[in-house]
Amino acid sequence: MLNSNWINYAKPFAMLLLMVGLRITAVNAQTGNSFAYNDTAFLLNGKPFQMISGEIHYPRVPKEAWRHRMKMAKAMGINTIGTYVFWNVHEPQKGKYDFSGNNDIAAFVKIAQEEGLWVVLRPSPYVCAEWEFGGYPYWLQNEKGLQVRSRETKYIQAYRQYIMQIGKQLATLQIHKGGNIILVQVENEYGSYSNDKEYLELNRKMFVEAGFDGTLYTCDPAKDVDKGHLPGLFPAVNGLDKPSQMKSLVRKYNNGKGPFFIAEWYPAWFDWWGEKHHTVPAENYSGKLDTVLAAGISINMYMFHGGTTRGFMNGANYYDSSGYEPQISSYDYDAPLDEAGNATPKFWQFRNAISKNLPAGTVLPDVPSAKKVISIPAITLKKQVSIFDVLPKSKSSSNPLTFEALNQAYGYVLYRTTLNGGKAGILKIKELRDYGIVMINGKRVGILDRRLRQDSLFLKLPAGKITIDILVENLGRVNFGPHLLKNLKGITQSVLFNGNELKGWQMFSLPFEKLDGINFTATAKKSDAPVLKHGEFTLEETGDTYLDMSKWGKGCVWINGHNLGRYWEIGPQQTIYVPAEWLKKGKNELIVFELIHTDKTLLDAVTQPELNKLRK
């Protein structure tokens, strides 16, 4: 699509462009930089250009480390960075936008430009990406009748308002406006979800309205290109790395023409709780990379560097056959860069494959040295506080309220009700989402886990008036498939005891967005109720490290105010990565929220991660 500025400068050359078959061009009159494509190739400043792109997600890497990761990318031979843009990061509550700190996507793009890297931007509302709700903000579910990825009015209204904000941040950073964004992706693997071409066209129009008027494209897995491509935009293909098949597929849906772009090429895969860490030997893919590049096909490695899904932002898969599968916090992905940003054997083999396909005489930058790693022995968490001592003001209702009804995105909710004891029976929680610790009079009596399709416990209630507390954790909203539209969290239906519905509930919201003001004490009495633990340690030097959580049970960890993510003894992840950028010389603060093994007080920080140890 032609930008108006380009039209003003292009009129004298219109016939020439037609002769060489140039179909789409974005050009900046001030800098002279342009990006276009013809029937066979992408063109950068009028010359054939092969994108060798690596995916990095800015929320998964500390802002202080963005530049380092990009230098590593250049050293491997990458010339372009791909990234999604995450709606629930930037509009966590309706109408409240955040582009600060680690969410400063414009700064991420500008650093790439400073490092001589182009950017493929993927700003559609749905990202998948093993990310909470596939990138959608939780509050969309509070809009009655709203249906994501559709032409439904409320969704389109919310989508338009969001994409306009993204345009304000990023549209001026496109190549024809002086920036380094060369491609912008419309929707994301939509063919795997539906086939509404009117919806796709509406997406395109909103992108242009938001200022994304350069080169647009769609991407889909090979089997879904027919449903997901939009005539007029070139179709990229995900996961297909056989050149003849890939080119044939693109030509089929692009009027017999190119260019050719593998928008997601997978050198490995992601992990979820209770299943082994996924790895693929580098030699299985280095030859494929060489073949693709030799064929002149552009490529985006998903992932070049995965990083860490910190806080509560992991997603989940759900299939009727296998059930609910929440993803782990490490997004190591067995990528060319490991979770901490160091080169792996895959990095070196891919670097060799890329070097073979660069113009003669090209010399890649030196690879930055491995990052410093430190160990921290015997960190003691001397203070603690019970979950019951940090409860906020409750909200009351006859029936349990979901996270969404409480206007809470993530974290935990404690549900409380009372009933007469002196009896035994089955406690059943209908549609528990996702993990519940059941307590009677403050003492734990059982755990229910959605992964294991658990929803019932046999209870023997003591005599008298008793209190039932159920602490429910949101383990991550589904990010892929039909269950995307079934993503309420908490107790989403009802609680029964011996078939009788329990009424009269109090809900205590525990989003744990900040832990300021918590009164930890060294004299707290021991209990098996979930507990927050506090410790301090002193460093003479900083470096990357890994908290060894293998002797703990389940919970999450904060270092100096940063939520590092979840741990869970079932594995495969047994360590939590601590970036050097978030440590400091002198005193450091550590907080652990432990759900199961509440007597633990000691942990170590080690120099190597453990991402592949299962414990049933």
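The values are calculated or read from the model by the stated rules, or taken from the named source; none is laboratory data. As the structure is a prediction and not an experimental result, all values here were calculated from the model. Here the Cβ is made from the backbone with ideal geometry for all residues, glycine too, and neighbour counts use every protein chain on show. The protein model used for the area step is the full one, side chains on, heavy atoms only, and it has no ligands, DNA or RNA in it. Shrake-Rupley method; radii C 1.70, N 1.55, O 1.52, S 1.80 Å.
Can you list the helices (runs of 4 or more DSSP H) lying wholly within segment 158-258 that have 3 or more residues being open to solvent by 30 Å² or more (accessible area, probe 1.4 Å) and farther than 21 Å from residue 53 by Cβ? Walk me through it before giving the result.
Details: elements: 197-209, 225-228, 243-253.
Because the criterion is at least 3 residues that are open to solvent by 30 Å² or more (accessible area, probe 1.4 Å) and farther than 21 Å from residue 53 by Cβ, the helices (runs of 4 or more DSSP H) in segment 158-258 that meet it are 197-209, 243-253.
Any chance segment 107-122 includes a residue that's closer than 30 Å to residue 232 by Cα and of a type in the set (Phe, Trp, Tyr)? Yes, there is a match, as at least one residue in segment 107-122 is closer than 30 Å to residue 232 by Cα and of a type in the set (Phe, Trp, Tyr). Residues of segment 592-616 that are part of a strand (DSSP E or B), open to solvent by 10 Å² or more (accessible area, probe 1.4 Å) and not acidic (Asp, Glu): 602, 606.
Restricting attention to strands (runs of 3 or more DSSP E) lying wholly within segment 317-393, give those where 2 or more residues are open to solvent by 40 Å² or more (accessible area, probe 1.4 Å).
Working: elements: 323-326, 376-380, 383-386.
Here the list reads 376-380.
If you go through segment 514-545 and pick out every residue that is open to solvent by less than 10 Å² (accessible area, probe 1.4 Å) and within 18 Å of residue 587 (Cα to Cα), you end up with 5.
Being of a type in the set (Ser, Thr, Tyr) and either open to solvent by 10 Å² or more (accessible area, probe 1.4 Å) or assigned to a helix (DSSP H, G or I) (or both) is a property that holds for residue 467. For residue 527, the conditions (1) within 30 Å of residue 275 (Cβ to Cβ); (2) modelled with pLDDT under 95 all hold with the exception of (1). Of 228, 179, all but one fail to be under 21 Å from residue 106 (Cα atoms) and of a type in the set (Gly, Ala, Ser); the exception is 179.
What's the total number of residues in segment 35-80 that are of a type in the set (Gly, Ala, Ser) and closer than 14 Å to residue 347 by Cα?
First, pick out the residues of segment 35-80 that are of a type in the set (Gly, Ala, Ser): 36, 41, 46, 53-54, 65, 73, 75, 77.
So of that shortlist, the ones also closer than 14 Å to residue 347 by Cα come out as 53-54, 73, 75, 77.
Summing the residues that are of a type in the set (Gly, Ala, Ser) and closer than 14 Å to residue 347 by Cα in segment 35-80 gives 5.
Report yes if residue 504 is surrounded by 13 or more Cβ atoms within 10 Å (Cβ to Cβ) and in contact (Cβ under 8 Å) with a residue 24 or more places away in the chain, otherwise no. Break it down stepwise before answering.
Values: surrounded by 13 or more Cβ atoms within 10 Å (Cβ to Cβ): no; in contact (Cβ under 8 Å) with a residue 24 or more places away in the chain: yes.
Criteria not met by residue 504.
Taking residue 480, is it more than 26 Å from residue 571 (Cβ to Cβ), touching a strand residue (DSSP E or B) at 6+ places or on another chain (Cβ under 7 Å) and among the aromatic types (Phe, Trp, Tyr)? Criteria not met by residue 480.
Could you say whether any residue in segment 473-494 is hydrophobic (A, V, I, L, M, F, W, C), without any contact (Cβ under 8 Å) to a residue 60 or more places away in the chain and open to solvent by 60 Å² or more (accessible area, probe 1.4 Å)? No.
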